Amino acid sequence: MELRAATQAMGTRFELVLHGADRTLLVAAAEAAIDVIEAEHRRLSRFDPASLVSHLRRVAGGPAVVLDRDTWDLFADAVDVRRASRGRFDVTLGTGGATGVQLDRSARTIRLASPAVELDLGGIAKGHALDLAARGLREAGVERAFLHGGTSSGCGIGRPADRRAWRVVAAGGPGAPAVDLVDRAYSVSAWGGAALACVVGPSARLADAYATALALDPDAAVLPRDGWEAWVRRDHRWRPVSRRARRVA
Amino acid sequence: MTPDRRTFLRQSAGALAGVALAPDLAALGPRRLAEPKSLGVVGLGRQGRAIIAELQKIEGAGIKAVCDTSAARLATGLERAPGAEGFADHRALLAARRDLDAVIVATPTHRHAAVVLDVLAAGKHCYCEAPLGHTAEEARAIAAAADASRRVFMTGFTARSNPVYQLARTFARTDAFRDVVSGRTHAHRKTSWRLPASAAADERAVNWRLDPEVSTGLAGEIGSHQLDVMLWFLDAMPVAVTGSGAVRFHRDGRTVADTVQAAVRWADGTVVTSAISLANSYGAQHEALHGTNGAFVLAGTHGWMFKEADAPTLGWEVYALRQQFHQDDGIILIADATKLAAQGQLRAGIGLPYPPLYYALADFLRSVTHPTVPVPCSAADGLRSTLLGIRMNEAVVRGGEVTIEG
């Protein structure tokens, strides 16, 4: 059977499609995944005064704040992609520079350098929420599922019951990449109304961040070496991105 | 309590014209402790993890130990609390970590008593999630142990720590509200209340809220929180409750009702109606209190006051922002409004900057640091509201009227 669930979060509609035999299990797992998405929406919103992001801004310049593992991974990935994209991907929107977000790996803490540092996780939060939701589904025993946030970011767990993969076709004209997702994620990002980037890899969070960077500048971002594919559209034409990191990220 | 899925009460329909209750911004956080405190958290389910997240925003609150009988939840809890030591048994935690100042108990309700009594016997301050217990006997045992322990004990009915609710209560005691007429609590959220269990053997333990042997259902688990608001505002215990309930949507073999209604009656004739459903999300979660000069609607991080047309004019109304709810015209109440207005920051006072749970934990830790400062929700307060939730569930299950002990 197929079960669908949905919620509004992060300014878009998240949808889950689950395949399985046990409806009770699917319902419980889907609701738990929805709860995860909604929780991350509340935690990461820059517009919600009760969010973690708002708290970080309020205590900026002061003592560091301890992070849970998942949120730590989010900020660590954001810093890594910023570095890999030479600043094209920047959760501080240019207000923090290379040192605006200060991470202490041993203490697993974060600190914003000053109250002037803005935080906007819009280019990575959807993928992050999808990664966490997908993990929860797997832990609940779901073996076949597709999740997406506003269609621009998504991931596939296993294969659908009736096909060999979850197939996603990027919008945007001739040559648009069609990707088959089996335990992989994708993200499509747009910039300036004409530039598009599509990234596919093992993490929706990283796909989100890299797609954001590539849409801005297809030559700036360097993808991790293994397990990643990317395409950019310029002048109405899609082409694959070939630059790879010299070392595994 | 779970957060609202719907936010309709916070969105204006047309022109803003309502009273939102927003207290003094300076008192709203972030909070820091005068001296660091070492804490343990027992119970790492959803609420335990939420507690960890809020504690991490309070400077000086050090989570040194976490505990859960489930290996998976313990692993998740340790991921969330770096540097904490993990235990599968709360007694092992208490024996090994004599350095702890306080322990926060967030186990399933029917396991509170076993843990809390050991925590208090170990000489630790204790914050116990609400409701206190699933039976009157266990709730009373917790309250008695707390009273005898001479330690700080706080029940996790968070409304009493909520600055918006505190502000509303001050107005409820003035001519702005006058005499109480009636009240209404509403908690709707479309969800099955069922959690995924990694193994069939764990199903009953994980989904204890759906087990009629140990669960007080929607009335106990959700209703008690909202009725605590009413008890706090009205300052009196009700005398009786009637109720009904049914499975209206989640027909998955459960017997615990997914939709309940109740009416709680006070000796002076005041009636508060309660509607709780897992089958529909309209209205989210809020409490309303109706007076002869005005009404309050309180919804977690936000609150509003609605004045009667013939109520006396309040001096601060000239600064007020307003929000329209269909035909009801309210005024946004903002503490220190004059100063905020002068700074062009009036709207910044709307809504709380932290979730209600944050303020409750901060209040508990303030009392742990300064034991002469009473907690907003004591064991006795928690017992009364817990008993009310238990009796409400009895009324729902049995049908008819249940008398409430004084």
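The values are calculated or read from the model by the stated rules, or taken from the named source; none is laboratory data. Owing to the predicted nature of the structure, the values given are computational and were not obtained by experimental measurement. Cβ placement follows ideal geometry from the backbone for every residue including glycine, while neighbour counts extend to all protein chains displayed. Heavy atoms of the whole protein, side chains included, go into the accessibility calculation; ligands, DNA and RNA do not. Shrake-Rupley method; radii C 1.70, N 1.55, O 1.52, S 1.80 Å.
Where in the range B:118-156 does the label zone of B:Ala96 land, with the point 7 angstrom along Cα→C-beta and an amide N cut-off under 20 Å?
It comes to B:118-125, nothing else.
Which whole-number percent gives the relative contact order of chain B, counting Cα pairs below 8 Å spaced six or more residues apart? Each step should come with its number before you reach the end.
Details: 921 pairs, mean separation 104.8, N = 406.
Computed over chain B, the figure is 26 percent.
Just checking the output field for B:350-357: average partner chain Cβ neighbours within 10 Å of each residue's Cβ?
Taking the mean over all residues of the peptide, I get 3.
In percent, what relative contact order does chain A have, based on Cα pairs under 8 Å that are 6 or more apart in sequence?
17
Kindly work out what percent of the DSSP beta bridges joining two residues of chain B are antiparallel, to the nearest 5.
On the way: 42 of 72 bridges.
DSSP beta bridges in chain B are roughly 60 percent antiparallel.
Just read off the accessible area of B:Ser149 with the full protein assembly in place, 1.4 Å probe, to the nearest 10 Å².
So the heavy atoms of B:Ser149 present about 30 Å² to solvent.
Please sort by residue number the chymotrypsin sites (Phe, Trp or Tyr not before Pro) in the range B:185-289 whose DSSP state is loop and whose Cβ has at most 15 other Cβ atoms within 10 Å.
Counting only loop positions with at most 15 other Cβ atoms within 10 Å, the chymotrypsin sites (Phe, Trp or Tyr not before Pro) in the range B:185-289 are B:Phe249, B:Tyr282.
Could you tell me what percent of the DSSP beta bridges with both partners in the protein assembly as shown are antiparallel, to the nearest 5?
Rounded to the nearest five, the antiparallel share is 75 percent.
In the full protein assembly as shown, how much of B:Ile222 is accessible to a 1.4 Å probe, in Å² to the nearest 10?
Rounded to the nearest 10, that gives 30 Å².
Which residues of the range B:161-204 end up with at least 10 Å² less accessible area in the presence of all protein chains than when their chain stands alone, using a 1.4 Å probe?
Buried by 10 Å² or more upon assembly, which counts only protein chains, are B:Arg189, B:Thr191, B:Ser192, B:Arg194, B:Pro196, B:Ala197, B:Ser198.
Can you give the longest run of chain B that contains no GluC sites (Glu not before Pro) sitting in a DSSP loop with at most 11 other Cβ atoms inside 10 Å? Before the final figure, lay out the partial values.
On the way: sites that count: B:Glu213, B:Glu405.
The answer is B:1-212.
So what is the 222 nm mean residue ellipticity for chain A from helices alone, if each DSSP H run of at least 4 adds -39500 (n - 2.57) and you divide by all residues, rounding to the nearest 500 deg cm²/dmol? Show your work: numbers first, answer last.
On the way: 5 runs with 73 residues, N = 249.
Mean residue ellipticity at 222 nm (helix-derived): -9500 deg cm²/dmol.
Report, ordered by chain and residue number, the lysines lying within cross-link reach of B:Lys124, taken as a straight Cα distance under 23 Å and ignoring same-chain residues fewer than 8 apart.
B:Lys37, B:Lys57, B:Lys64
Going by a ≥ b ≥ c, the root eigenvalues of the Cα gyration tensor, does the range A:37-130 fall in the rounded group (a/c under 1.5), the prolate group (a/b larger than b/c) or the oblate group?
Rounded.
Rank B:Ala122, B:Gly243, B:Leu100 by how far each Cα sits towards the positive end of the charge dipole of chain B (+1 on Lys, Arg Cβ; -1 on Asp, Glu Cβ) and give me just the farthest.
Positive-most Cα among the choices belongs to B:Leu100.
Heavy atoms only, probe 1.4 angstrom, no DNA, RNA or ligands counted: give me B:Lys64, B:Lys307 ranked by accessible area, highest first.
Ranked list, largest accessible area first: B:Lys64, B:Lys307.
Just to be sure I understand the rule: take each whole DSSP H helix in chain A, project its Cα atoms onto its long axis, keep it if the span is 20 Å or more and its mean Kyte-Doolittle hydropathy is at least -0.5. Which ones pass?
A:23-44, A:125-139
Percent of accessible area on the range B:195-274 owned by carbon and sulfur, 1.4 Å probe?
In the range B:195-274, the share of accessible area belonging to carbon and sulfur is 52 percent.
Using a 1.4 angstrom probe, figure out how much accessible area the protein assembly as shown has per residue, in square angstrom, rounded to the nearest whole.
It amounts to 41 Å² per residue over the protein assembly as shown.
Per DSSP H run of n ≥ 4, the term is -39500 (n - 2.57); total these for chain B, divide by its residue number, and report the mean residue ellipticity at 222 nm rounded to 500 deg cm²/dmol.
Computed mean residue ellipticity for chain B: -8500 deg cm²/dmol.
Within 10 Å of each Cβ in peptide A:48-57, how many partner chain Cβ atoms are there on average? Round it to a whole number, please.
Neighbouring Cβ atoms belonging to other protein chains average 4 per residue here.
Among B:178-190, A:95-107, what's the highest-first ranking by average C-beta atoms within 10 angstrom per residue?
Numbers: B:178-190: 18.5, A:95-107: 14.3.
Result, highest mean Cβ count within 10 Å first: B:178-190, A:95-107.
In what order, largest first, do A:Trp72, B:Trp316 sit by accessible area if the probe radius is 1.4 Å?
Greatest to least solvent exposure: B:Trp316, A:Trp72.
For B:Asp147, B:Asp329, A:Asp70, what's the largest-to-smallest order of accessible area, 1.4 Å probe?
So, going from the largest accessible area down, we get B:Asp147, B:Asp329, A:Asp70.
For peptide A:60-71, how many partner chain Cβ atoms fall within 10 Å of a residue's Cβ, on average?
If you average over the peptide's residues, the count of other-chain Cβ atoms is 4.
About the Cα centre of the range B:131-258, what is the dipole size in debye to 20, counting +1 per Lys and Arg Cβ and -1 per Asp and Glu Cβ, all else neutral?
It works out to roughly 360 debye.
At 1.4 Å probe size, with the rest of the protein present, what percent of the exposed accessible area of the range B:27-185 is carbon and sulfur atoms?
Values: 2890 of 6050 Å².
Carbon and sulfur atoms account for 48 percent of the accessible area of the range B:27-185.
Looking at the range A:97-249, what % of its DSSP beta bridges pair antiparallel, to the nearest 5?
If we restrict to bridges inside the range A:97-249, about 95 percent are antiparallel.
Report the accessible surface area buried between chains B and A, summing both sides, using a 1.4 Å probe on protein heavy atoms only, in Å² rounded to the nearest 100. Write out the running numbers ahead of the final one.
Working: alone 17250 and 11820 Å², together 27020 Å².
That pair hides around 2100 Å² of surface in total.
Rolling a 1.4 angstrom probe over the protein chains, ignoring ligands and nucleic acids, what is the accessible area of A:Cys198 in square angstrom, nearest 10?
For A:Cys198, the solvent-accessible surface is approximately 0 Å².
If you place +1 on the Cβ of every Lys and Arg, -1 on the Cβ of every Asp and Glu, and leave all else neutral, what size is the dipole of the range B:241-293 about its Cα centre, to the nearest 20 Debye?
180
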